[in-house]
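The values are calculated or read from the model by the stated rules, or taken from the named source; none is laboratory data. Just so we're clear, the structure is a prediction, and the values are computed from it rather than from any experiment. Counting neighbours? That spans all protein chains shown, and the Cβs are built from the backbone with ideal geometry, glycine included. Only protein heavy atoms, including side chains, enter the accessible area calculation; ligands, DNA and RNA are left aside. Shrake-Rupley method; radii C 1.70, N 1.55, O 1.52, S 1.80 Å.
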Amino acid sequence: MFPEEIETERLRLVQFSRDHVDLEPVYEALSRDEQTERELQHVTKTPDDTLKDTRDRFVAAERNWDDGEKARYAVFPREGEPNAGEFAGMAALTPDWDRRSARFSLVLKERFWGRGYAGERAIAFMGLAFDRLDLDLVSTGYFEGNERSKQAIEKYVDRVGGGYDGLLRNWVPDGDEVLDLYRYTVTQKQWEANRPDDHLVFRDG
């Protein structure tokens with residue numbers, strides 16, 4: 001159902017599974033330290049304390065992939081980019097089949113911030129959701145204080161004619177808290193009317 005690899009102009013998105021991605025570099029990137037805590041400050045994920053925590057991420061991602069519940073990808077810069085081939089972060093597209101919609105998310109290591117990768121991944125996921133999965137709507141958002149995500153989201157949502165829906169209060173459970181979400185959406189009609197001519201390739205196994 002989901003392509004094992006998505007190629008954009010500057011990125012490779014590869015299925016987040018033990019068959020496609022090495023465990024150790026992911027653990028090193030996600031293990032608990034001050035930098036990782038900062039990178040995950042505005043998302044609902046937590047750092048990994050042990051190698052088993054990282055393995056459990058892979059196991060859950062593989063199960064969700066096989067069940068068609070979530071497509072999680074490892075993000076790598078392509079050849080010609082700084083740090084080419086290095087694990088840069090994780091991206092996920094989560095369909096809500098009953099509502100013919102999907103939401104997506106992204107976590108990048110700090111040294112990859114500011115390169116515009118969020119927008120490339122977003123366009124790739126819109127292509128996946130609308131052109132391949134035939135869904136009607138995609139959504140994304142950010143939590144209070146995440147100005148970097150706000151700027152990135154507004155830029156790529158505006159590019160394809162989408163818009164800001166509003167503040168959804170008590171929307172996302174996060175441990176003992178429930179977070180408010182600033183939500184943006186793009187419809188299939190908006191995508192078709194403003195489809196960007198970006199480099200985008202889906203590859204299956």
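One residue stands out among those in segment 92-104 that are farther than 12 Å from Val138 by Cβ and open to solvent by 40 Å² or more (accessible area, probe 1.4 Å): the one that is nearest to the chain's Cα centre (by Cα), which is Trp97. Which of the residues spanning segment 105-124 are open to solvent by less than 20 Å² (accessible area, probe 1.4 Å), within 10 Å of the chain's Cα centre (by Cα) and at pLDDT below 95? Scanning segment 105-124 gives a single hit, Val107. Taken over segment 65-76, the criterion of being under 12 Å from the mean Cα position of the chain (by Cα) and either open to solvent by 20 Å² or more (accessible area, probe 1.4 Å) or of a type in the set (Val, Ile, Thr) (or both) is satisfied by Lys70, Arg72, Val75. Considering only residues that are open to solvent by less than 70 Å² (accessible area, probe 1.4 Å) and under 20 Å from Val75 (Cβ atoms), look in segment 140-149 and name the one that is farthest from the chain's Cα centre (by Cα). Only one residue fits best here, namely Asn146. The single condition from (1) within 21 Å of Glu5 (Cβ to Cβ); (2) out of contact with any Pro (no Cβ under 9 Å at 6 or more places or on another chain); (3) modelled with pLDDT of 95 or more that Arg99 fails is (1). Residue-level check: of (1) surrounded by 16 or more Cβ atoms within 10 Å (Cβ to Cβ); (2) in contact with a Ser or Thr (Cβ under 9 Å, 6 or more places away or on another chain); (3) assigned to a helix (DSSP H, G or I), Gly127 misses just (2).
Within segment 152-173, the set of residues being open to solvent by less than 80 Å² (accessible area, probe 1.4 Å) and assigned to a strand (DSSP E or B) comprises Gly163, Gly166, Leu167, Leu168, Val172. For segment 130-139, a residue qualifies if it is touching a strand residue (DSSP E or B) at 6+ places or on another chain (Cβ under 6 Å) and open to solvent by less than 20 Å² (accessible area, probe 1.4 Å), and the qualifying residues are Leu135, Val138, Ser139.
Among the residues of segment 41-85, write down those that are within 23 Å of Val138 (Cβ to Cβ) and at pLDDT below 90. Those that are within 23 Å of Val138 (Cβ to Cβ) and at pLDDT below 90: His42, Val43, Thr44, Lys45. Condition check: assigned to a strand (DSSP E or B), small (Gly, Ala, Ser) and either under 24 Å from Glu5 (Cα atoms) or in contact (Cβ under 8 Å) with a residue 40 or more places away in the chain (or both). Does Ser149 satisfy that? It is false that Ser149 is assigned to a strand (DSSP E or B), small (Gly, Ala, Ser) and either under 24 Å from Glu5 (Cα atoms) or in contact (Cβ under 8 Å) with a residue 40 or more places away in the chain (or both).
With respect to (1) in contact (Cβ under 8 Å) with a residue 24 or more places away in the chain; (2) open to solvent by 10 Å² or more (accessible area, probe 1.4 Å); (3) within 29 Å of Arg115 (Cα to Cα); (4) out of contact with any helix residue (DSSP H, G or I) (no Cβ under 7 Å at 6 or more places or on another chain), the lone exception for Glu79 is condition (1). I need every pair where a residue in segment 176-194 that is part of a helix (DSSP H, G or I) has its Cβ under 7 Å from the Cβ of a residue that is of a type in the set (Gly, Ala, Ser), sequence separation at least 6 or different chains. Within 7 Å, the pairs are Gln190/Gly161; Gln190/Gly162; Ala193/Gly161. With respect to (1) in contact (Cβ under 8 Å) with a residue 60 or more places away in the chain; (2) in contact with a helix residue (DSSP H, G or I) (Cβ under 9 Å, 6 or more places away or on another chain); (3) not charged (D, E, K, R), the lone exception for Phe58 is condition (1).
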